[in-house]
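**Q** One structure, as structure tokens, below. Some questions next.
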Amino acid sequence: QVRLVESGGGLVQTGGSLRLSCAASGLTFNLYAMGWFRQAPGKEREIVAAINRSGSTSHADSVKGRFTISRDNAKNTVYLQMNNLKPEDTAVYYCGAKYGMGQGLYLKPNLWGQGTQVTVSS
């Protein structure tokens, strides 16, 4: 059974940091492109960052310079380091996976985790 399990969310003050993790199981992780997405209340889900099979990364303009996506294929895990958090970063953050090389920020996952809440207080 394929599973993506996110962790690391929580409540943080403006300017703070969090690191999200997404542990994958039931798939050959190094054959998948991975991405982090977020959905705020009343808004559509949007991509935050993506990493392809070779480790090449892409970040949305809204988080560039503050967030960093990375992966550890030995641990079947993808990370999102979030620094200098702002109230507008408040959302449920989802991990997504798609078999193949990846398409940068055009990644359209067919596998999803359950999400983890990130709340940034002002």
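**Q** Could you look through the range 57-76, keep only residues that are within 17 Å of residue 38 (Cα to Cα) and touching a Phe, Trp or Tyr at 6+ places or on another chain (Cβ under 7 Å), and pick out the one that is surrounded by the fewest Cβ atoms within 10 Å (Cβ to Cβ)?
**A** 70
**Q** Okay, next question. Against the conditions (1) more than 19 Å from residue 102 (Cα to Cα); (2) among the β-branched types (Val, Ile, Thr); (3) over 15 Å from the mean Cα position of the chain (by Cα), where does residue 2 fall short? Just the number, please.
**A** Here residue 2 clears every test but (1).
**Q** For residue 26, all conditions in the list (1) touching a strand residue (DSSP E or B) at 6+ places or on another chain (Cβ under 7 Å); (2) within 16 Å of residue 106 (Cα to Cα) hold save one; what is the number of the exception?
**A** In the conditions (1) touching a strand residue (DSSP E or B) at 6+ places or on another chain (Cβ under 7 Å); (2) within 16 Å of residue 106 (Cα to Cα), residue 26 misses (2) alone.
**Q** Here's something else I'd like to know. Condition check: surrounded by 13 or more Cβ atoms within 10 Å (Cβ to Cβ) and either of a type outside the set (Ser, Thr, Tyr) or under 22 Å from residue 3 (Cα atoms) (or both). Does residue 110 satisfy that?
**A** Values: surrounded by 13 or more Cβ atoms within 10 Å (Cβ to Cβ): no; either of a type outside the set (Ser, Thr, Tyr) or under 22 Å from residue 3 (Cα atoms) (or both): yes.
Criteria not met by residue 110.
**Q** Are any residues in the range 19-36 crowded, with 17+ Cβ neighbours inside 10 Å and more than 12 Å from the chain's Cα centre (by Cα), and if so, which ones?
**A** 24, 29, 32
**Q** Within the set of pairs 6+ apart or on separate chains, which have a first residue in the range 7-20 that is closer than 7 Å to residue 120 by Cα, a second that is crowded, with 17+ Cβ neighbours inside 10 Å, and C-beta atoms under 7 Å apart?
**A** Qualifying pairs under 7 Å: 12/18; 12/85; 12/120; 14/85; 14/120.
**Q** Does any residue of the range 82-104 turn out to be open to solvent by 20 Å² or more (accessible area, probe 1.4 Å) and hydrophobic (A, V, I, L, M, F, W, C)? Spell out how you get there, then give the answer.
**A** Within the range 82-104, the subset open to solvent by 20 Å² or more (accessible area, probe 1.4 Å) is 83-84, 86-88, 90, 92, 94, 98-99, 101-104.
Applying the additional criterion that residues be hydrophobic (A, V, I, L, M, F, W, C) yields 92, 101.
Yes; the residues of the range 82-104 include at least one that is open to solvent by 20 Å² or more (accessible area, probe 1.4 Å) and hydrophobic (A, V, I, L, M, F, W, C).
The values are calculated or read from the model by the stated rules, or taken from the named source; none is laboratory data. Values in this document were obtained by computation on a predicted structure and should not be read as measured data. Cβ: placed from backbone, ideal geometry, glycine included. Neighbour counts: every protein chain shown. Side chains are part of the model used for accessible areas, which takes the heavy atoms of the whole protein and leaves out ligands, DNA and RNA. Shrake-Rupley method; radii C 1.70, N 1.55, O 1.52, S 1.80 Å.
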